[in-house]
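Where a number appears in this text, it was derived from the coordinates with a stated rule and is not lab data. On a predicted model such as this, the values are computed, not experimentally measured, just so you know. Backbone-built Cβ (ideal geometry, glycine too); neighbour counts: all protein chains shown.
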Amino acid sequence: MFCECGCGQVTKISPVNRACKKWVRGMHRRFVHGHNIKSHLRALATKRRIYSARSSERGDDFIYNVGHKIVRELRGRPKWCEICCSTDPTTRYEWANLTRKYEDPVDYMRLCKSCHQRLDTGGQAVKRTHCPQGHEYSPENTYKWGSYRYCRRCMRAHARASRARLRGEIR
């Protein structure tokens, strides 16, 4: 008996009955081990067609998110970085798209977060223009100490709150 996926390989004879896999003891199995995954890939291709039909209604963000979701379903979660070869389990690893063709699952690369950011910015460090509270880093509002920048407005607010705490006004 040949594998039902169409590969032409001969299947094994089943030693046990398994109703969930449609195995009958003494009969040939339907698939060579691992070949029924093609049905799973066909289902994902159908999903992709449905997603791409909806994407025209929802816009580019939808295509981006669906592309990454399909890659995660097909290729799993990345566990190492292809650039720096890091395998540290505490590091976050992501799928990075290379050519902005989000529908193609082969067009993704496993990267750690820092390598992904370097790839997206063209190797340039992202220079922030505002502090976390939203104040602009302008020359008159920026205090530099070594290689660090601090927002003067935030520093003043922090100093005011510290002085008030010391005086016992705020607990």
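Ordering 137, 162, 147 by the projection of their Cα atoms onto the charge dipole of segment 127-171, which places +1 on the Cβ of Lys and Arg and -1 on the Cβ of Asp and Glu, puts 162 at the extreme positive end. Amide H contacts of residue 23 (H built 1.01 Å from N, in plane; Pro and chain starts excluded): 18 sit under 5 Å, all sequence-distant by 5 or more or on other chains. Between residue 75 and residue 21, the contour length at 0.36 nm per residue exceeds the Cα-Cα span by 17.1 nm. For the pair residue 107 and residue 83, label points projected 7 Å from Cα toward Cβ lie 1.9 nm apart. Between residue 167 and residue 12, the contour length at 0.36 nm per residue exceeds the Cα-Cα span by 47.6 nm.
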